[in-house]
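The values are calculated or read from the model by the stated rules, or taken from the named source; none is laboratory data. Note that the structure is a prediction, hence the values are computed from the model and not measured. Positions of Cβ are backbone-derived with ideal geometry, glycine not excepted, and every protein chain shown enters the neighbour counts. The area values use the complete protein model at the heavy-atom level, side chains included, leaving out ligands, DNA and RNA. Shrake-Rupley method; radii C 1.70, N 1.55, O 1.52, S 1.80 Å.
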Amino acid sequence: MTTPNPHFPPQQQPATLAQPTSAATLYRATYLHTPRNPFTHPDALDAQSDGGLLVQDGVILAAGPFADIRVAHPDAPVTDLRGGLLLPGFIDTHVHYPQVRVIGGLGLPLLDWLDQCALPEEARMADLAYARGVARDFIGGLIGAGTTTALVFGSHFAGAVDAFFEEATRTGLRAVTGLVVSDRLLRDELHTTPQRAYDEGRALIERWHGAGRTLYAVTPRFSLSASEGILDACAALMRDFPGLRFTSHINENTREIQTVRDLFPGARDYLDTYERAGLVGRHSVLAHNVHPTDRELSVMAAHRCTAAHCPCSNSALGSGFFPLRRHLDAGVHVSLGSDVGGGTGFSLLKEGLQAHFMQNLMPGGVPLSPAHLLYLATLAGAEALDLPHTGSFEPGRAFDAVHLRPAPGTPLDAVFRHAASPERALAAAFATGTPADVARVWIGGDTVLGD
Ligand SMILES: Nc1nc2[nH]cnc2c(=O)[nH]1
Ligand SMILES: [Zn+2]
């Protein structure tokens with residue numbers, strides 16, 4: 001695609017920042033990243049077959065060919081990661097914490113899947129001990145897949161959201177999440193009131209927003225289950241606490257869309273239910289958007305909000321083909337989400353592959369190169385969440401990284417050993433890589449998986 005995206009100009013960074021003053025580590029690896037957006041910059045992929053990343057206090061100080069970095073920093077100890085691929089940590093912009101134990105409810109459309117699979121499990125999160133176990137399973141799954149930052153749909157229960165933030169803090173995950181709020185059409189035990197939504201949200205924000213690596217996301221489940229009163233309570237939180245993120249669902253399934261139309265007879269369309277409440281902005285991430293109108297796309301672009309594309313979920317729930325070309329042509333920013341448990345697992349490699357398949361198969365689909373897939377799985381998420389210190393290996397950014405190192409004898413190992421270029425190896429990682437190939441994960445320079 002050649003449509004420029006004016007909302008996220010490439011960061012201008014010097015190749016090397018300050019000289020290190022205390023111990024720094026030089027990582028030697030085949031690395032790839034997308035410091036620019038390949039939908040707008042044809043040469044956005046930076047691939048170094050023998051690269052060096054100088055890291056100090058969790059921040060990348062210098063990046064480039066290993067030989068160049070070595071000459072400039074002859075005394076830095078070297079960690080040799082050759083033999084695999086080093087990528088920026090993945091950024092999942094739509095994934096449900098309470099659904100990790102119900103992945104795989106295949107064969108149902110959205111509203112039936114919610115009734116039969118997701119919501120009964122979400123009701124169990126009232127039990128704090130249960131929620132703590134789910135938080136461990138969930139965050140273990142994310143990090144195990146190489147995800148270092150996630151915009152997470154939380155729980156309807158404030159205690160379970162606390163449990164999530166505690167586990168995120170313990171593990172070091174960069175997490176943006178919040179209390180999910182609804183007041184109709186789910187199950188009684190998942191419903192709240194506007195006042196309680198505001199009060200519980202405020203208490204969680206005061207505890208967790210900006211604490212360490214965690215941020216708060218105001219999260220009405222979707223307009224189908226949220227009255228205008230709940231949406232207004234969400235807007236009040238956004239007004240009262242600047243810097244919060246906002247997330248919800250939109251235009252996923254045709255039955256859902258018709259129900260929202262019936263519930264909001266005065267709204268122009270689905271987006272308008274959020275827009276009228278003042279919830280659409282630069283810090284808004286709306287998941288799915290499989291069936292948008294042109295008006296919705298132009299308003300999303302004007303407000304610089306993001307559509308989180310969840311291709312495995314769209315396939316598993318039969319929601320439809322994501323109109324990526326229409327989003328790009330309208331100037332709407334797009335990132336990637338696994339949508340566990342409507343989605344089929346945590347790997348953004350798999351999501352990238354499924355996005356590629358679906359664009360290949362749909363009329364007017366966008367051909368997605370390995371660079372596009374890497375961008376969607378990394379920098380696009382950093383842009384969506386407005387986290388400019390993540391998403392690539394540019395100097396000045398945090399060292400959030402995933403080392404893919406397939407076991408000897410596996411097909412991916414064979415490809416890595418014989419690939420004609422790092423880009424070919426990257427394509428193979430998307431085609432066939434899984435969490436079993438994730439050897440080590442760093443967040444802010446800390447090893448959070450592997451050794
Ligand atoms: N895929 C998906 N869509 C939703 N819309 C409202 N809730 C959900 C959910 O849990 N998963
Ligand atoms: Zn979802």
Cα coordinate range in the stretch 331-444, projected on the principal axes (Å, largest first): 42, 41, 31
Given that compact globular proteins tend to follow 2.2 N^0.38 Å, what is the ratio of the alpha-carbon Rg of the stretch 140-253 to that value? 1.03
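Compare Glu275, Glu252, Glu206 by solvent-accessible area with a 1.4 Å probe and give them largest first, with all protein chains kept in place.
Working: Glu275 40, Glu252 5, Glu206 125 Å².
Ranked from most to least accessible, the order is Glu206, Glu275, Glu252.
Determine the gain in length on full extension of the stretch Ser421-Arg101; use 0.36 nm per residue of separation and subtract their C-alpha separation, reporting nm with one decimal.
Working: separation 320, 0.36 × 320 = 115.20 nm, distance 3.86 nm.
Between Ser421 and Arg101, full extension yields 111.3 nm more.
For n ≥ 4 DSSP H runs only, could you compute -39500 (n - 2.57) per run for the chain, divide by its residues and tell me the 222 nm figure to the nearest 500? All intermediate terms of the calculation are to be shown ahead of the outcome.
Details: 17 runs with 161 residues, N = 451.
Per the formula, -10500 deg cm²/dmol.
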Arg295 to Ala414: extension gain in nm, 0.36 nm per residue of separation minus the Cα-Cα distance? 38.0 nm
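Work out the P(r) tail for the stretch 11-159: percent of alpha carbon pairs separated by more than 20 Å, whole number. Show your work: numbers first, answer last.
Working: 6971 of 11026 pairs.
Distances greater than 20 Å cover 63 percent of the Cα pairs.
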Say the dipole of the chain comes from +1 at the beta carbon of Lys and Arg and -1 at that of Asp and Glu; which of Leu186, Ala63, Tyr375 then lies farthest toward its positive end? Ala63
Using a probe of 1.4 angstrom, how much of the accessible area of the chain is carbon and sulfur, in percent? 53
Between 0 and 90°, nearest 10: helix 294-303 axis offset from the chain longest Cα axis: 60
Inter-label distance for Thr432 and Ala407, nm, one decimal - labels placed 7 Å from Cα along Cα-to-Cβ: 1.5
Over the chain, what portion of Cα pair distances is larger than 42 Å, expressed as a whole percent? 11
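So what is the accessible area of the stretch 26-114 per residue, in Å², with the probe set to 1.4 Å? Don't skip to the end; give the middle numbers.
Values: 3030 Å² over 89 residues.
Counting only protein heavy atoms, the per-residue value for the stretch 26-114 is 34 Å².
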How far, in degrees from 0 to 90, does helix 194-208 lean away from the longest principal axis of the Cα atoms of the chain, to the nearest 10? 20
On Cα atoms only, tilt of 422-432 relative to the major axis of the chain in degrees: 40
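What is the chain's relative contact order, in percent, from Cα pairs under 8 angstrom and six or more apart in sequence? Don't jump to the answer; show the numbers that get you there.
Details: 1045 pairs, mean separation 92.4, N = 451.
Taking the mean separation of contacting Cα pairs over the length of the chain, I get 20 percent.
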Here the gain from full extension of Ser49 to Gln195, 0.36 nm per residue of separation minus their alpha-carbon distance, amounts to 47.0 nm
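Please calculate how many Å² of accessible area the stretch 324-451 carries per residue, with a 1.4 Å probe and no DNA, RNA or ligand atoms counted. Please list the in-between numbers first.
Values: 4190 Å² over 128 residues.
Per residue, the stretch 324-451 has an accessible area of 33 Å².
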Work out the length of the dipole vector of the chain about its Cα centre, built from +1 on the beta-carbon of each Lys and Arg and -1 on the beta-carbon of each Asp and Glu, and round it to the nearest 20 debye. 440
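Any idea what the dipole of the stretch 122-219 comes to, in debye rounded to 20, about its Cα centre with Lys/Arg Cβ at +1 and Asp/Glu Cβ at -1? Please report the intermediate quantities before stating the final value.
Numbers: 11 positive and 12 negative charges, 58 e Å.
For this selection, approximately 280 debye.
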